[in-house]
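The structure under discussion appears below in the form of structure tokens.
The values are calculated or read from the model by the stated rules, or taken from the named source; none is laboratory data. Since we're looking at a predicted model, the values are computed, not measured. A quick note on method: Cβ atoms are made from the backbone with ideal geometry, for glycine too, and the neighbour counts reach across all protein chains shown. Only protein heavy atoms, including side chains, enter the accessible area calculation; ligands, DNA and RNA are left aside. Shrake-Rupley method; radii C 1.70, N 1.55, O 1.52, S 1.80 Å.
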Amino acid sequence: MESDLVFPIVIGAKHVIAPWADREGTRAAHLEIIEEPDASRALALAIDLVKKDGAEMLMRGSMDPKPFLDAVLDKEKGLLKERVASLVSVFDPPGVGRVTMASDTYINSFPSIAEKVTITENVIRLARVLGFGSPKIAALSAIEQVNPAIPSTLDAAILSKMAERGQFGDVTLEGPLDIDCA
């Protein structure tokens, strides 16, 4: 059954694109293949496609994460110019009945409060794209009380207050919370 949800464009060396060319004896529907043996040139082509609205989403595939992120986050040739990039992991385990997202677990090691605001906005934007109109957000820290000696508790309290005042729109944001309570 064809759903027409995704129209993939696979860019890469022949050995990378070979599995996409023939699935179970038939070529995947609506599949475009661009052969480019050099990984950095393949990524540059993909970034250019996204910039020119020839593609809507960029996926890393089998490329190493460091060069991928370096290219995507490059101020001149990459995709992001003004916003803070953040990684969002989406978990939808069968039988649980809810989707969980975790951000930022990879790109931003010690973000400032301003960066945490943008990371929060990024995850809210993704939640809405995925159809979740009123996401529930936990601003995590090591403990659940605000403690001036632990900056992440202060930041979580600030984010929580911002949400309470409607600065993120229709969301519920609590924090600081430890991972067990979240």
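General remarks:
- Highest-MSF residue in the chain out of Gly166, Gly133, Gly95 [GNM, Cα springs under 10 Å]: Gly95
- From phi via Karplus (6.51, -1.76, 1.60), per-residue ³J(HN,Hα) for segment 44-52 in Hz, x at Gly/Pro: 4, 4, 5, 4, 4, 4, 5, 4, 9
- Kirkwood Rh in Å, taken over segment 102-178 so that all alpha-carbon pairs contribute: 12.6
- Here's how it looks for Gly175: its modeled amide H is under 5 Å from those of Ala139, which are all 5 or more places away or on a different chain.
- Accessible area (Å², per residue) of segment 59-182, counting only protein heavy atoms and a probe of 1.4 Å: 65
- Share of carbon and sulfur in the accessible heavy-atom surface of the chain [1.4 Å probe, %]: 56
- Calculated FRET efficiency for the pair Phe110/Ala13, C-beta based, R₀ 25 Å, to 0.05: 0.10
- When you restrict to C-alpha pairs under 8 Å that are six or more residues apart and normalise by the size of the chain, the relative contact order lands at 12 percent.
- Dividing the helix sum by the residues of the chain, where each DSSP H run of 4 or more adds -39500 (n - 2.57), gives a mean residue ellipticity at 222 nm of -10500 deg cm²/dmol.
- Selected from Lys116, Lys81, Lys66 as most flexible by GNM, with the chain as the system and alpha-carbon contacts under 10 Å: Lys66
- The Rg/Rh ratio of segment 25-182, with both radii computed over alpha carbons and Rh defined as the Kirkwood radius, is 1.03.
- Entries of Lys66/Lys161; Lys66/Lys116; Lys52/Lys136; Lys14/Lys81; Lys77/Lys136; Lys77/Lys161 with Cα pairs more than 27 Å apart: Lys66/Lys161; Lys52/Lys136; Lys14/Lys81; Lys77/Lys136; Lys77/Lys161
- For the chain, share of DSSP beta bridges that run antiparallel, in % to the nearest 5: 35
- The residue list Thr172, Gly61, Val88 was ranked by how far each Cα lies along the charge dipole of the chain toward its positive end, using unit charges on Cβ atoms, and Thr172 comes out on top.
- For segment 56-150, GluC sites (Glu not before Pro) are listed when DSSP marks them as loop and at most 13 other Cβ atoms sit within 10 Å of their Cβ; the list is Glu56, Glu76, Glu82.
- Phi to ³J(HN,Hα) by Karplus 6.51 cos²θ - 1.76 cosθ + 1.60 over segment 129-137, Hz, x for Gly, Pro: 4, 7, x, 9, x, 10, x, 9, 10
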